[in-house]
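Reading through the structure tokens given below for one structure.
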Amino acid sequence: MKPDDISTAITQALIQGGAQWLVATIVAFLPALWTMALILHLGRPYVLRTLRRCGLRLGADVWWMSYLLMRDAVLVLTFALSWIFFEPNIVTGSPLPITGPLAALFLLFALAVKIARRVDDDVNAYRLSTAALVIGATLYYFPLVFAVEAASQEHLSWFAQNLTSNANVPLALGIMWVSLAGVALVAAWLFFRALASANRSMTRRATARPVSPAREPAAVAQ
Amino acid sequence: MSVQDLTNAIISGINAGGEQFLEGTLAAMLPVMWLAILGLHLGRPYILDMIDRFTLRLGADLLWLIYVALRDLLIVSGVVMSFMFFFPDVVITDQLPLTGGLAAATLFGVLLIKLMGDPDHDPRAYAAITYLLGIGALFYFVPYLLGVQANAVSAGRTADISNFLVTSTNPFWAVGMAYVSIALLAIMGAVAAGYTILTGGRAEVPAAEAQADAAK
């Protein structure tokens, strides 16, 4: 092998290996993000109990805002990083949990409930988003723990062969396309809802705006 | 060996080495996390003493909130970083403490008590948390010190004990411990989710609603 060949091999390895390393890092981070998202979402009663004991409004506000920002930012980040489950090449080439795209869809649904209804004031909306998150987390954790991260266990080989994306490509792609359609539907609904809501509130504000007294006589004279 | 073989070998080395480096870093950071968690939890009387000396309510509130946030976020981070103990492939490949998964389960138990109880005002809940943290620290530090960090210096009978306490040299027990820890975490997770759905995320269920549920 010539020096040029070794140089080419190292260059290709860095490019391909770097890409795989990036995907592997995201995959390794996702369980941490899912766990963090669940703990922060489920921990709301504890946060509220701590908040009620603040003697000053400022402390309570800082506490609540920090909690909300962290909780919702982790949810959004988890969904953003879950986007790797919707890339066919990665789904067929890397060992990922086969129901990962469905988990991401449930996560997006929980986010949509948060946007559409006042989850922090409406008990039933909170319950709905909690149920969506718990179902999504279960769909993520189960194949991850018992299939992707248990390939060495013979008694779990059925899970490894059927619930890992690159070992069961037709099913993995099927779940991915169905979930992608679901994501597109939820995203379209959020898009049109945001548009309609903005139109409604802006029209209401425009019609409610009082006419400036200084301009009124001039307008009448014209 | 072709260029493609060499490329594949380097890629495999980068990925396998990177993964083990990441897991090794997490395992090395966990003792620090555990010490910080224990220090903050056991340092509660010191913080309360300081709060009593504040002349401004704002300072006292901020100190208490920062203390609570730091203490609880460290516990949450401890659970998150311990997730590798629940992966059978990881525990049989890496040198990890045998009962690290059980330690993670005790940390999650602490979070569950904090969710369902009021450990900052209820002495029984505080005592339960303290015991759980003590047991969890034992589960982590004993196999970590006597197994993972002592297997190179032990010989004879102690070497057997040392190897028994390390997951990669005791895969049968390691996988068993991983399953037990997963089961514990799943049960506690289900209880936490059930409690939160029942309360609807409120600090507690209103008395009228609880009576209506009891009447049903």
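For helix B:123-143, report the angle its Cα long axis makes with the longest principal axis of the Cα atoms of chain B; keep it between 0 and 90° and round to the nearest 10°.
Taking Cα atoms only, the helix is inclined about 10 degrees.
Test of understanding: ordering A:Trp158, A:Trp83 by Cβ neighbours within 10 Å, fewest first, what list do you get?
A:Trp158, A:Trp83
Set Lys and Arg Cβ to +1 and Asp and Glu Cβ to -1, take the dipole of chain A about its Cα centre, and tell me which of A:Trp177, A:Ser157, A:Val76 lies farthest positive.
Result: A:Val76.
What is the helix-to-structure angle for B:171-199, meaning the angle in degrees between its Cα long axis and the longest Cα principal axis of chain B, kept from 0 to 90 and rounded to the nearest 10?
30
Under a point-charge model restricted to the Cβ atoms of Lys and Arg (+1) and Asp and Glu (-1), what is the dipole moment magnitude of chain A relative to its Cα centre, in debye to the nearest 20?
1400
For B:Leu22 and B:Ser154 in one chain, what is 0.36 nm times their gap in residues minus the Cα-Cα distance, to one decimal in nm?
Extra length available between B:Leu22 and B:Ser154 comes to 44.8 nm.
From the helices alone, meaning DSSP H stretches of at least four residues, give me the mean residue ellipticity at 222 nm for chain A, per-run term -39500 (n - 2.57), in deg cm²/dmol to the nearest 500.
Theoretical 222 nm ellipticity from helices: -26500 deg cm²/dmol.
Suppose only helical runs count, i.e. DSSP H with n ≥ 4. What mean residue ellipticity at 222 nm does that imply for chain B under -39500 (n - 2.57) per run, divided by all residues and rounded to the nearest 500 deg cm²/dmol?
-26000 deg cm²/dmol
Just going by the charge dipole of region B:92-196, with Lys and Arg at +1 and Asp and Glu at -1 on Cβ, which of B:Ala174, B:Tyr131, B:Gly189 is farthest out on the positive end?
Highest projection toward the positive end goes to B:Ala174.
For a quick protection proxy, order the peptides B:97-109, A:25-37, A:136-148 by their average other-Cβ count within 10 Å, most packed first.
B:97-109, A:136-148, A:25-37
Hey, what D do you get for region B:65-120 in µm²/s if you plug the Kirkwood alpha-carbon radius into Stokes-Einstein at 20 °C and 1.002 mPa s?
Rounded to a whole number, D works out at 173 µm²/s.
Just so you know, all these numbers are worked out from the coordinates, no wet-lab data involved. As the structure is a computational prediction, the values presented were derived from the model and not from experiment. FYI the Cβ positions are ideal-geometry reconstructions off the backbone, even for glycines, and counts take in every protein chain you see.
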